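No lab work stands behind these numbers, since they all come straight from the coordinates. Treat the numbers as computed from the prediction; the structure is a model and nothing was measured. Cβ placement follows ideal geometry from the backbone for every residue including glycine, while neighbour counts extend to all protein chains displayed.
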Amino acid sequence: MKRYRKPIQYIVLFLVLLIGGYAVGHTLFASTAVLKTGDEPPAFKLLSLDGSVHDSAEYAGKPLIINFWGTFCPPCRDEMPALQNVYERWQDKGVQLVGINLSEDKLSVESFARQVGAHFPILLDRNRQTEKRFGLKQYPTTFFVYPNGKIEAILIGGPLTEEQIEAHIEKLVAGRS
Amino acid sequence: MFSNTKCECGHQNHAGTVLCESCGKPLTEEWAGNPETPLEMRYDGVARRSQKANPDLLDRVWNFFSSVKVAVWLIVLTLIGASLGTIYPQENTFLNLQTYQEFHDYYKEHYGTAGVVYHALGLSRVYSSWWFIGLLVMIGTSLVICSLDRVLPLYRALSKQQIRKHMQFISRQQVTYSGPEPVNKEAWLDSFGKELKRKRYKVWRDGDALMAEKNRFSRWGPYINHIGLIIFLLAVLGRNVPAWNMDQYVSLDEGETEQIPGTNYFVKNEKFTVEYYTDAELPPTLKGTERPKLFETKATLYVCTESCDDPSKDPVLSPVKTHDIRVNHPLSYKGLKLYQYDYTPKPKLVSVSPMLVDKKTGEQYGPFTLSMRNPALTYRAGPYTLTLKDKFMDFGLDDQGRPMTKSREPNAPAFVFIIQGPDLPETGETYIYFPQQIDKVKFRQDVLNKAIADKLDIRVPSMSGVVLSENTSTLNVRVDRAMPFIWTGAAIFMIGVAMGLYWHHRRIWLRFDDGVLSLGAHTNKNNYGLRMEVAAAMTKAGLPVSDKSLDNRRKSP
């Protein structure tokens with residue numbers, strides 16, 4: 001029995017470090033539902049207005065703007081033209097813009113996009129699942145994502161101006177990785 | 001203190017031994033010095049396993065956790081920490097708050113300065129704080145190490161006991177007897193042994209020395225209950241593993257189906273019912289108020305079998321379980337539990353089945369069913385075709401007078417149709433339809449529709465054509481795979497406690513020296529019972545003694 005004493009002590013203390021380390025570490029580094037600058041946005045796979053399916057993976061390596069909006073939100077409507085103009089100016093330079101609608105009917109979204117002249121890709125969330133994963137509280141909310149997938153800024157509320165949007169795009173394109 | 005480890009009987013003891021492992025002679029100065037006091041019999045006087053003359057770092061860490069004093073302090077600190085967490089509600093009880101600032105504001109608003117301090121000190125999330133989990137881990141470590149260090153030497157000591165004990169060991173027990181030996185020593189010993197056997201003792205003889213013992217297994221009770229506690233603690237820590245634990249909320253209108261986030265399951269609220277107490281059932285102070293007696297969601301759980309990850313198609317669902325979910329009666333399926341959490345009484349329109357009416361002839365066409373969410377785009381009503389062009393869930397006008405929806409909820413739904421048919425232009429006429437009478441009046445449907453309002457009307461003939469959701473039901477979806485382990489741990493703990501509490505380890509030693517009978521007896525609980533047993537056995541064997549005279553603690557001045 002005696003010769004096993006040392007190994008038993010090592011095994012017990014090793015297990016303590018392993019299990020205890022995991023448990024304590026979990027409390028220190030637990031991720032909260034709220035996204036912040038420097039995080040990676042959650043993945044999504046959604047239907048677009050034109051009927052195609054878009055996966056967030058296809059935007060990897062490109063500067064990305066994700067705008068959450070709803071037809072019920074006046075500032076969302078007001079910033080649509082700015083988003084559309086900026087998109088026209090930057091799409092050739094590889095900047096991606098997606099507007100994720102907040103789980104409304106396709107009919108309402110289509111009609112709204114037509115009225116406000118939004119022709120950039122618009123994706124349809126279902127049952128608020130994507131919105132919940134992004135932890136949204138207010139609308140509109142716009143995420144600016146570096147080509148390396150890290151969030152550069154989260155702008156809550158609106159309407160955004162073209163200058164505001166372009167200032168962030170320039171940072172994305174300059175690409176501090 | 002640790003130097004004198006070899007006993008006069010020749011046995012080499014471990015460092016830290018209090019009573020010789022073989023003959024029981026007190027070894028340390030402290031115990032050898034005062035021959036009048038009863039002996040300290042904890043762990044039968046054996047050394048704790050890890051006690052060493054020259055401890056290294058590992059031994060020091062080990063010895064820290066091996067100390068019961070340390071364990072008691074850890075438990076006290078944990079209790080204080082846990083009690084601090086009960087002063088104000090913990091953060092995880094609020095569904096709507098997420099960020100540090102939101103919590104800060106909440107505690108400030110509700111509890112003032114004390115709330116701000118409470119939140120700043122992190123007491124609003126005690127049970128998931130690093131120090132609280134750290135304390136639990138340390139208690140767990142202490143449980144393992146304390147037990148290991150004591151149970152192994154104790155097991156060794158109890159499994160090879162010497163029958164003939166040192167005179168001092170016998171005379172310094174708490175239950176003792178000393179007197180002239182009986183006339184027929186051998187016959188008396190036989191009959192004393194027989195009496196003890198009748199009381200379910202095991203009896204050993206070594207010449208004219210005797211040892212009897214019963215219920216040794218009760219000594220393992222504390223260690224078994226520690227095993228239970230360790231399983232319990234590990235299970236509690238296991239809840240941190242994401243796959244082991246889930247806690248989410250799903251709000252459903254009647255008839256609505258929603259995916260449970262992060263799973264392949266969907267849940268449908270078939271029907272929600274709430275029953276209130278009648279005034280007769282309520283105490284006078286509550287009369288006239290709405291007090292729910294019972295609320296229940298008839299729910300169906302579905303599993304997605306196809307197109308689960310394809311947003312261009314509707315998922316194919318197959319029902320797996322139907323259950324009436326009530327408070328404390330969750331729907332339970334493969335470790336997934338859906339509890340009734342809350343409900344919001346808020347009537348919402350789900351669908352209407354109106355008729356198209358020709359105002360001149362009075363002829364009615366239809367009905368057709370118009371769903372508030374994801375309605376079909378074309379409808380046939382007699383000779384007319386209705387094409388849905390736009391839809392507003394909560395109709396209103398923005399600051400520039402344009403129609404818009406004020407929210408995502410069907411509070412004031414409005415449907416914009418293009419109607420084609422007899423007496424109408426080829427391209428159709430625009431017709432805006434408010435299913436709710438109150439909205440129809442408020443937004444002046446007939447004025448908006450202009451000329452066509454004189455020709456056609458869309459109207460619901462009776463209430464049977466209206467489907468309403470009276471309430472929104474909120475369900476709490478939980479997975480807690482640690483629960484079976486928690487119950488197992490708790491059961492083992494109880495077995496250990498019962499073993500240690502309801503059975504008492506009793507031992508009796510006896511020897512003869514120069515015509516004197518010396519008897520000592522020891523138990524870890526209930527000395528009185530042991531004295532009764534010894535006195536009864538001695539008396540029956542022919543040596544009458546009273547149980548009181550055996551009490552060594554009161555004999556000495």
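Just a few scattered comments:
- Crossing angle, helix B:527-540 versus chain B [Cα axis fit, 0-90 degrees, rounded to tens]: 40
- Test item: Cα-centred dipole of chain B, Lys/Arg +1 and Asp/Glu -1 on Cβ, debye: 2880
- Partner shielding of A:103-111 amounts to 5, given as the average count of beta-carbon atoms from other chains within 10 Å of each residue beta-carbon.
- Rounded to the nearest whole Hz, the Karplus-based 3J(HN,Hα) values (6.51 cos²θ - 1.76 cosθ + 1.60, θ = phi - 60°) of the stretch B:97-103 follow the sequence 9, 9, 8, 4, 5, 4, 5, with x at glycine and proline.
- Virtual paramagnetic centre 7 Å along Cα→Cβ of residue B:346, amide N under 17 Å, in the stretch B:91-111: B:95-97
- Positive minus negative residues near residue B:432 (Lys, Arg vs Asp, Glu; Cβ under 12 Å): +1
- Sorting B:152-163, B:42-53 by their mean Cβ neighbour count within 10 Å, with the most densely packed peptide first, gives B:42-53, B:152-163.
- Taking all Cα-Cα distances within the stretch B:314-410, those exceeding 23 Å account for 58%.
- Counting Cβ atoms of other protein chains within 10 Å of each residue's Cβ and taking the mean over peptide A:17-27 gives 6.
- Derived scalar couplings ³J(HN,Hα) [the stretch B:492-498; Karplus, 6.51 cos²θ - 1.76 cosθ + 1.60; whole Hz; x for Gly, Pro]: 4, 4, 5, 4, x, 5, 4
- Applying a 4.7 Å cutoff between beta carbons, the unpaired cysteines of the protein assembly as shown are B:146.
- Overall, the stretch A:45-174 carries a charge dipole of about 440 debye about its Cα centre when +1 sits on the Cβ of Lys and Arg and -1 on the Cβ of Asp and Glu, all other atoms neutral.
- With contacts taken as Cα pairs under 8 Å and at least 6 residues apart, the stretch B:68-151 reaches a relative contact order of 42 percent.
- Toward the positive end of the charge dipole of the stretch B:450-557, with +1 on the Cβ of Lys and Arg and -1 on the Cβ of Asp and Glu, the farthest Cα among B:522, B:477, B:495 is that of B:522.
- The phi torsions of the stretch B:472-482, fed into the Karplus equation with coefficients 6.51, -1.76 and 1.60 and a -60° offset, translate into couplings of 9, 9, 9, 10, 9, 9, 10, 10, 9, 6, 7 Hz, rounded to whole numbers, with Gly and Pro shown as x.
- Convex hull of Cα atoms in the stretch B:48-157, direction-averaged projection (nm²): 9.2
- Tensor-based shape of chain B (alpha-carbon gyration tensor, a/c under 1.5 rounded, otherwise prolate or oblate): prolate
- For the stretch B:434-557, the orientation-averaged shadow of the C-alpha convex hull comes to 22.0 nm² (one quarter of the hull surface).
- Peptides B:452-463, B:413-424, B:196-207 ranked from most to least packed give B:413-424, B:452-463, B:196-207, packing being the mean of other C-beta atoms within 10 angstrom over each peptide's residues.
- The residue among B:176, B:115, B:136 whose Cα reaches farthest toward the positive pole of the charge dipole of chain B, with charges on the beta-carbon of Lys, Arg, Asp and Glu, is B:176.
- When peptides B:132-143, B:359-370 are ranked by their average number of other Cβ atoms within 10 Å per residue, the highest-first order is B:132-143, B:359-370.
- The stretch A:45-174: proportion of alpha-carbon pairs further apart than 20 angstrom, %: 38
- Environment charge of residue A:75, counting only residues whose C-beta is closer than 13 Å and scoring Lys/Arg +1, Asp/Glu -1: -3
- Taken residue by residue and averaged, Cβ atoms of other chains lying within 10 Å of the Cβ of B:306-312 number 4.
- Simple point charges give the picture: +1 on the Cβ of Lys and Arg, -1 on the Cβ of Asp and Glu, and for the stretch B:48-157 a dipole about the Cα centre of about 780 debye.
- Around residue B:318: net Lys/Arg minus Asp/Glu count, Cβ-Cβ under 15 Å: +1
- Mean sequence separation of contacting Cα pairs (under 8 Å, at least six apart), scaled by the length of chain B, corresponds to a relative contact order of 18 percent.
- Over the residues of the protein assembly as shown, the helix contribution to mean residue ellipticity at 222 nm works out to -10500 deg cm²/dmol, using -39500 (n - 2.57) for each DSSP H run of at least 4.
- Anisotropy class assigned to the protein assembly as shown is prolate, per the alpha carbon gyration tensor with a/c at or over the 1.5 cut-off and a/b larger than b/c.
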